[in-house]
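Just below is one structure, and these are the notes that go with it.
The values are calculated or read from the model by the stated rules, or taken from the named source; none is laboratory data. None of these values were measured; they are calculated from a predicted model. Cβ sites come from the backbone with ideal geometry, for glycine too, and all protein chains shown count toward neighbours.
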Protein chains: 2
Amino acid sequence: MVDRPITRRRLLGAAGAGALLAGVPAGALARRTVRHADVVVVGAGFAGLSAARELVRSGRSVVVLEARHRVGGRALNAELGGGVISERGATFIGPTQNRIRRLAKEVGVGTFPTYDEGDDVYLHDGKRSTYSDRGPTGTAPPDLEILGDIATAVYKIDQMARQVPVGSPWKASKAAEWDAQTLKDFVLANTDGNPRFIRLLEVVTRAAVGAEPQDVSLLWTVNFIAASGDEHHAGTFERNFNTRGGAQQTRFRGGSQRVAKLVARELGDRIVLGSPARRITQLPHGVLVSSDGAVVHAKRAIVAIPPVLSAEIVYEPALPASREDLLARFPQGTLTKVTAVYDRPFWRDKGLTGTAVCLDPPLGATFDDSPEDGSVGIVFGFVGGAAARSFNRRPPSERRAVALEGFSKLFGSEGLHPTRYLESNWRKQKWTRGCPLAYTGPGTLTKFGPALRKPVGRIHWAGTETSVFWSGYMDGAVRSGERAAREVLRRL
Amino acid sequence: MVDRPITRRRLLGAAGAGALLAGVPAGALARRTVRHADVVVVGAGFAGLSAARELVRSGRSVVVLEARHRVGGRALNAELGGGVISERGATFIGPTQNRIRRLAKEVGVGTFPTYDEGDDVYLHDGKRSTYSDRGPTGTAPPDLEILGDIATAVYKIDQMARQVPVGSPWKASKAAEWDAQTLKDFVLANTDGNPRFIRLLEVVTRAAVGAEPQDVSLLWTVNFIAASGDEHHAGTFERNFNTRGGAQQTRFRGGSQRVAKLVARELGDRIVLGSPARRITQLPHGVLVSSDGAVVHAKRAIVAIPPVLSAEIVYEPALPASREDLLARFPQGTLTKVTAVYDRPFWRDKGLTGTAVCLDPPLGATFDDSPEDGSVGIVFGFVGGAAARSFNRRPPSERRAVALEGFSKLFGSEGLHPTRYLESNWRKQKWTRGCPLAYTGPGTLTKFGPALRKPVGRIHWAGTETSVFWSGYMDGAVRSGERAAREVLRRL
């Protein structure tokens, strides 16, 4: 056997930059940029950008390392020409999402209401009906056969959401009981379990989580709902799921990524693009973060990327077992966003909002994503969880055909003839690994939840999954970044 | 923002060694050892060693990259002096574990029977009794109050094990139904669910999986039992759990790691120690594996490490989503092995085997681990799952005290006065991350199981978790390595 000799250089290097590039002589480092800052931030999504912005406003020096050649993370504008964009990821904001709203306002991005004039469409088993979201079920369809199940489940989950300490669900008095079951277990035990209701539930979790009702822990779900509010308004399913009065109520002029781009413009060359962080070494008085484009020496680090990606960084010393255990059980959802662009929003002429709840896969929930002036018509559908896995396996031409067929069943045959068709499979995005967020199955939060936000030495954790409120949303990302920045500022 | 310019060097380097050390000028590579071989094997546990040995026997050139400064993976001898060793990890083999048996024989390591003269001990709620493992329950205690539950659960699980295509449980006709529930769900629905029986079940899963009955998918469990056999003998719970006629029947002279060390001696300087693989790049006609100590260029790669560690390697191109999805839901068990060494195996004088089933934590199952000649007495206990997490949080002196108190309650007050006390927390081992194996919760195998062994381009997957038979055991590791070697040989 050939063992690597432990030379004096390696021993010396172990506490310094020499250890960053294992196996590479320290001399090689000189050719790589080494930067110094008070804080190094990993990730330039809304979490990392918000953290960096807060730190800079407090007079601290910051370097932001971003793996992609763009900022915005799960927010991405596709330019369609003529100033029209399609949001390929995060799209909406709503009441109590005050942090993303404030950030947008501060960088000068205005908002406008999601188009919501007319009726929503409900489709199941090929049967189509329309309904107003001003009714008691909001955006959920008032399907008489399953209305009892819907009302019971929503009522109970809203009640349970008031019983969890939001953001720390492992402290709930019933944490063990609720974390021992899945959302599906709970619903089957507490409703009539009408199969059509289960399909509706699947549409909800596929769009909101990118997972199936049997994938997510009940405790996780209840906290997700509890998080759909703020310090002054208890989270509810309605505020999460509705357009009117809920998280799909409002959109950004120019698209959500514009907010990120404008924050990035403020931060200027503090951001290093195309430079994934590979290794974080904790030193007695600082951290060294080695990335493809730069080595950064800083007093503290904020890691603001999805859990599964944060697990792929090499940490020296290793992370505590509880955090590794959490990261080993915290997968990203599976979500593909399919979008069709038309000459005009033809559904509006028919008195339709463009919002639909569709129980016939692959489409689940759909929304109008047209520009504010309605100059072209854009509608998108969420294909999530198991539906996305089947969908993603089909060849591109088939995917396009079934998606357009779905739009046409919901809104009319015009749906078959878009000027463009776009698809974003977030599961395949190397530097996101799945949308809309990471979730946990049964047993994880009660065992390992406390590691979610707990700093490890000089490393602090941000990212929408770590947010107390609106975890999984742009607002949660901003909150998490601002919170991590405050944590760091207290310790600098 | 500062973006990394895409220079000609980077473009050229992207398909070659230049991309291996992202950000490091290609010139630096010249100072690092570059080796060439037909096959590069990542990991020198039993899986990697067996793969390498098969390839060498077929005349192929091999380089084995091992992160640790030793071989053997989850098999580790601690030298106690005077030629006495204590096995800190894998210990036993049993009937139908023919591959590890053959390997040991070929390298000249003999076996001897696990000490099994006399009675086993059963302890619950401070009440101690003894029983012979020649009775109908084998190593399981014949506790009359829960005998019905034990018999029912074992009978049903053995029956179900015959209904899964072993190694490919996702193809079972009831795969969806069984993968939608945990082992605990199944047991509560199919037995009287006596709380003491549930505690016994916990002792079993904590020792065998390092997890709780509610952590593991029923489908995973049924396959684990189906795997407790070979091509000619259907797997059963009894063959898995028993000492007599089961997987704890036999031990290796000189300890299990001796087998690995002797295989490594055969392989000689093909093995590079202290050299964790960091990046695997697939080229048009080969693979490049970058490790801390060497860059290896080979025709094919075999990755023979635990799933969670294989997820931390950087793959270029990225792994298929289904494999990433599997790895994101495939945690290692949590297991600490506590061992006490005494002047003599005092329990034998009392007619005891040293085997115990203990429902009062932290100890679960215990076994006699003395050398063949009984010149000193060694007994160890498994502390697994939730019991291990509580245990590991206590200070070292407390851990020692409660472990010895446990041994004394089982075997007598002599247990309080060992000559040595040893502890191995495998969860904290950076290059294993948990023992005895990786498991899956509900919903993972049916969705992502097919990615378990499926080669990705020129990368083949070994490791005990990938084995059809005796997955989680030394035998499974050997089988997986030999199978991966055959896969590669067919394609070279």
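The table below gives the values:
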{"quantity": "Verdict on B:Glu465 being over 17 Å from the mean Cα position of the chain (by Cα), in a helix (DSSP H, G or I) and modelled with pLDDT of 95 or more", "calculated": "no"}
{"quantity": "Matching residues, region B:458-492, being farther than 18 Å from B:Asn223 by Cα and of a type in the set (Asp, Glu)", "calculated": "B:Glu482, B:Glu487"}
{"quantity": "Set B:Gly377, B:Gly293: member being modelled with pLDDT under 95 and either of a type in the set (Lys, Arg) or touching a Ser or Thr at 6+ places or on another chain (Cβ under 8 Å) (or both)", "calculated": "B:Gly293"}
{"quantity": "Evaluation of A:Ser370 against (1) within 14 Å of chain B (Cβ to nearest Cβ); (2) buried (at least 22 other Cβ atoms within 10 Å of the Cβ); (3) assigned to a loop (DSSP other than H, G, I, E, B) (one fails), failing number", "calculated": "(1)"}
{"quantity": "Residues satisfying the stated conditions in region A:175-211, i.e. of a type outside the set (A, V, I, L, M), out of contact with any Leu (no Cβ under 8 Å at 6 or more places or on another chain) and closer than 19 Å to B:Lys184 by Cβ", "calculated": "A:Glu177"}
{"quantity": "Subset tally (residues that are within 14 Å of chain A (Cβ to nearest Cβ) and more than 22 Å from B:Val84 (Cβ to Cβ)) for region B:241-263", "calculated": "1"}
{"quantity": "Entirely in region A:53-97, the strands (runs of 3 or more DSSP E) that have 3 or more residues that are more than 17 Å from A:Val379 (Cα to Cα)", "calculated": "A:62-65"}
{"quantity": "Within region A:302-337, tally of residues that are more than 8 Å from chain B (Cβ to nearest Cβ), buried (at least 22 other Cβ atoms within 10 Å of the Cβ) and in a strand (DSSP E or B)", "calculated": "5"}
{"quantity": "Options A:Pro455, A:Pro436, A:Pro442: the member that is within 14 Å of chain B (Cβ to nearest Cβ) and closer than 24 Å to A:Ala226 by Cβ", "calculated": "A:Pro442"}
{"quantity": "Some residue of region B:393-403 being within 23 Å of B:Leu80 (Cβ to Cβ) and either within 14 Å of chain A (Cβ to nearest Cβ) or among the aromatic types (Phe, Trp, Tyr) (or both)", "calculated": "no"}
{"quantity": "Selection within region B:450-462 - surrounded by fewer than 24 Cβ atoms within 10 Å (Cβ to Cβ) and either assigned to a helix (DSSP H, G or I) or of a type in the set (Gly, Ala, Ser) (or both)", "calculated": "B:Pro450, B:Ala451, B:Gly457"}
{"quantity": "Test for A:Val287: is it touching a Leu at 6+ places or on another chain (Cβ under 6 Å) and either more than 30 Å from A:Leu201 (Cα to Cα) or surrounded by fewer than 22 Cβ atoms within 10 Å (Cβ to Cβ) (or both)", "calculated": "no"}
{"quantity": "Residue match in region A:209-229 (condition: under 19 Å from A:Pro331 (Cβ atoms), among the hydroxyl-bearing types (Ser, Thr, Tyr) and in contact (Cβ under 8 Å) with a residue 60 or more places away in the chain)", "calculated": "yes"}
{"quantity": "Set A:Arg433, A:Arg393: member being surrounded by 17 or more Cβ atoms within 10 Å (Cβ to Cβ) and charged (D, E, K, R)", "calculated": "A:Arg433"}
{"quantity": "Subset of region B:212-236 (residues that are buried (at least 24 other Cβ atoms within 10 Å of the Cβ) and away from every other protein chain (no Cβ under 14 Å))", "calculated": "B:Thr221, B:Val222, B:Asn223, B:Phe224, B:Ile225, B:Ala226, B:Ala227, B:Ser228, B:Gly235"}
{"quantity": "Qualifying residue in region B:246-259 (condition: more than 21 Å from B:Arg99 (Cβ to Cβ) and either more than 18 Å from the chain's Cα centre (by Cα) or touching a residue at least 40 places away in the same chain (Cβ under 8 Å) (or both))", "calculated": "no"}
